[in-house]
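Visitor: Okay, handing you the structure first.
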Amino acid sequence: MSDGPCLTQEERTDAARRALLDATVVVLADEGYRGTTFSRIQEAAGISRGLIGYHFGSKLALIESVIHRIRDRYQADAAVRASM
């Protein structure tokens, strides 16, 4: 029996994607694009091997997802500031 609530497959998928995106930002900032490897990202995220390929397909697709995520957050923050 587990101590925490049971997560649905969708919740586990979302959590894994978020962890990978967060870890990618950290690794990119620390090591640059060339140093941003699947191994380093998985290590930083605490995620098992193969999930980057499963969720994103390639390093380029992962980096594009990071860029879109940052853009979306920036636009949301800008909209909130504009409405104040």
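Visitor: If you take the residues in the range 41-84 that are basic (K, R) and within 18 Å of D14 (Cβ to Cβ), which one is surrounded by the fewest Cβ atoms within 10 Å (Cβ to Cβ)?
Guide: In the first step, residues of the range 41-84 are kept if they are basic (K, R); the result is 49, 59, 69, 71, 73, 81.
Subsequent filtering for residues that are within 18 Å of D14 (Cβ to Cβ) retains 69, 73.
Working: R69: 16, R73: 10.
My answer is R73.
Visitor: I've got another one for you. Restricting attention to the range 26-36, which residues are open to solvent by 60 Å² or more (accessible area, probe 1.4 Å) and either under 18 Å from G57 (Cα atoms) or under 14 Å from the mean Cα position of the chain (by Cα) (or both)? Can you show your working first?
Guide: In the first step, residues of the range 26-36 are kept if they are open to solvent by 60 Å² or more (accessible area, probe 1.4 Å); the result is 26, 29-31, 33-34.
Result: V26, A29, Y33, R34.
Visitor: Sticking with this structure for a sec: If a residue counts only when it is of a type outside the set (G, A, S) and free of Cβ contacts under 8 Å to residues at least 12 places away in the same chain, which helices (runs of 4 or more DSSP H) contained entirely in the range 32-84 have at least 3 such residues?
Guide: Qualifying helices (runs of 4 or more DSSP H): 59-82.
The values are calculated or read from the model by the stated rules, or taken from the named source; none is laboratory data. Note that the structure is a prediction, hence the values are computed from the model and not measured. We place every Cβ from the backbone using ideal geometry, glycine too, and count neighbours over all the protein chains shown. Just the protein is used for accessible areas: all its heavy atoms, side chains included, with ligands, DNA and RNA removed. Shrake-Rupley method; radii C 1.70, N 1.55, O 1.52, S 1.80 Å.
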